[in-house]
Amino acid sequence: MDGAILVTGGAGYIGSHAVLALCDAGHRVVVVDNLVTGFAWAVDPRATLVQANIEDAAVRDVIAEHGVRAIMHFAGSVVVPESVSDPLKYYRNNTAASRSLIESAVAAGVAHFIFSSTAATYGIPDVVPVAEDMPKRPINPYGMSKLMTEHMLGDVAAAHPMNYCALRYFNVAGADPQGRSGQSTAGATHLIKVAVEAATGKRGHVSIFGTDFATPDGTGVRDYIHVSDLAAAHVDALNLLIARPQQSHIMNCGYGRGYSVNDVLDAVDRVTNLRIERRYEGRRAGDPDALTADNARILSTLPWRPRLDDLDTIVAHALAWERKLGERGA
Ligand code: UFG
């Protein structure tokens, strides 16, 4: 296949899985990552790694040198509470840096752009499952910083010969089934990562934030999607952008069903044969009761179908990766 795919943030959690999926599909891949939160060892050896910031002029050289025809843009900051305490970091890393990258893409004539967006663009939805055309009212700078980049891409695609796909991720979890990558960044706050850290003795318990949500068991409900299914959706989205260069897309990436915090912890207990201590605590600020994806659009637009849509499988893969990290002393 002609031209390389540039993956920003390809040393990070989701980006490294996209690199695996692209390499497995026979694409030539070049990764640009500043390795602030990512790891060089997480990048598939079949890909080329360039350590740089995405706003650096070096990116234009990478695009030219590798004949980049498409960009998958994962690089960014992802911690919601941090976005509240340090909003300018998020508008810099997720919005301003994306602007620079998109400018480099346009200047070099890159034809296709895939963007990591988020369910946080919806804020607290009036209705779940939430569909793409429902109101976008982010309740934190993280969600707003990503929504602003979506808007930029819409305007740029109307003005320049570039099409794009923004994928709005729901709760991404799990790890590569072959054990080649996983979630490795320290200081995790995401539920499944926290729970498998508890299961492997890195924490003593799991806090359950809130028991009075309007959900069947009172704990928060989310749409957990396996990271390898998500990576596969990116490869299909790329193929669609190439096949239909006049069209751009915004699509939810979720399975369209929800699990509560207790459901997730039950799955972890089942998979580990342990009983992890649960501490019932107050709500975190800004958590919606339930957030699940209406995924009709992605199912009707892409050939993509969930393959790893099973909570125990997601947990088992996350756990296997956590054990592997433990063996490396991480
Ligand atoms: N939770 C706990 N205990 C924990 C961690 C989480 O009870 O230790 C609960 C949360 O309250 C929530 C659920 O588990 O009900 C999931 O929480 P996560 O922190 O794993 O994920 P979020 O749903 O808060 O965040 C996800 C994405 C973000 C995105 C956000 C949009 O990871 O990137 O959805 O709402 F911004």
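The values are calculated or read from the model by the stated rules, or taken from the named source; none is laboratory data. Remember, predicted model here, so these are calculated numbers, not experimental data. In this analysis, Cβ positions are derived from the backbone assuming ideal geometry, glycine residues included, and neighbour counts consider all displayed protein chains. Remember, those area values only see protein heavy atoms, side chains included, never the ligands or the DNA or RNA. Shrake-Rupley method; radii C 1.70, N 1.55, O 1.52, S 1.80 Å.
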Taking Gly201 and the conditions (1) within 25 Å of Tyr142 (Cβ to Cβ); (2) assigned to a loop (DSSP other than H, G, I, E, B), which numbered condition does it fall short on, given that it satisfies the others? (1)
All strands (runs of 3 or more DSSP E) inside the range 17-93 with 1 or more residues being open to solvent by 40 Å² or more (accessible area, probe 1.4 Å): 48-51, 68-73
Would you confirm whether any residue within the range 125-132 is within 9 Å of the ligand (Cβ to nearest atom) and touching a residue at least 24 places away in the same chain (Cβ under 8 Å)? no
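Looking at Arg46, Arg28, Arg92 in this structure, which one is farther than 21 Å from Val172 by Cβ, in contact with a Cys (Cβ under 7 Å, 6 or more places away or on another chain) and free of Cβ contacts under 8 Å to residues at least 40 places away in the same chain? Even if it seems obvious, please write down each step before you answer.
Working: Arg28 fails: in contact with a Cys (Cβ under 7 Å, 6 or more places away or on another chain); Arg92 fails: in contact with a Cys (Cβ under 7 Å, 6 or more places away or on another chain).
Exactly one residue qualifies, and that residue is Arg46.
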Looking only at residues that are buried (at least 18 other Cβ atoms within 10 Å of the Cβ) and charged (D, E, K, R) in the range 121-154, which one is nearest to Ala105 (Cα to Cα)? Glu150
Which of (1) buried (at least 18 other Cβ atoms within 10 Å of the Cβ); (2) of a type in the set (Gly, Ala, Ser); (3) touching a strand residue (DSSP E or B) at 6+ places or on another chain (Cβ under 6 Å); (4) on the phi > 0 side of the Ramachandran plot is the odd one out, the single condition Gly3 does not satisfy? (1)
For the range 267-312, which residues satisfy the criterion of being in contact with a helix residue (DSSP H, G or I) (Cβ under 9 Å, 6 or more places away or on another chain), open to solvent by 30 Å² or more (accessible area, probe 1.4 Å) and either small (Gly, Ala, Ser) or in a helix (DSSP H, G or I) (or both)? Arg270, Val271, Ala285, Gly286, Thr301, Asp312
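Return yes when Ala214 is open to solvent by 10 Å² or more (accessible area, probe 1.4 Å), more than 10 Å from the ligand (Cβ to nearest atom) and modelled with pLDDT under 95 and no when it is not.
Spelling it out, it is not the case that Ala214 is open to solvent by 10 Å² or more (accessible area, probe 1.4 Å), more than 10 Å from the ligand (Cβ to nearest atom) and modelled with pLDDT under 95.
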Residues of the range 133-143 being among the hydrophobic types (A, V, I, L, M, F, W, C) and more than 11 Å from the ligand (Cβ to nearest atom), in sequence order, are Met134
For the range 80-120, give me each residue that is within 15 Å of the ligand (Cβ to nearest atom) and aromatic (Phe, Trp, Tyr). Tyr90, Phe115
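Any idea which of Ala175, Ala157 is open to solvent by less than 20 Å² (accessible area, probe 1.4 Å) and either within 12 Å of the ligand (Cβ to nearest atom) or at negative phi (or both)?
Values: Ala157 fails: open to solvent by less than 20 Å² (accessible area, probe 1.4 Å).
Checking each option against the conditions leaves just Ala175.
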Quick check on the range 119-127. Is at least one of its residues among the hydroxyl-bearing types (Ser, Thr, Tyr) and assigned to a loop (DSSP other than H, G, I, E, B)? yes
Here's a check for you: in the range 187-203, which residue that is more than 15 Å from Arg222 (Cα to Cα) and basic (Lys, Arg) is nearest to the ligand (Cβ to nearest atom)? Arg203
Does Ala111 meet the test of being over 24 Å from Asp229 (Cα atoms) and open to solvent by 10 Å² or more (accessible area, probe 1.4 Å)? yes
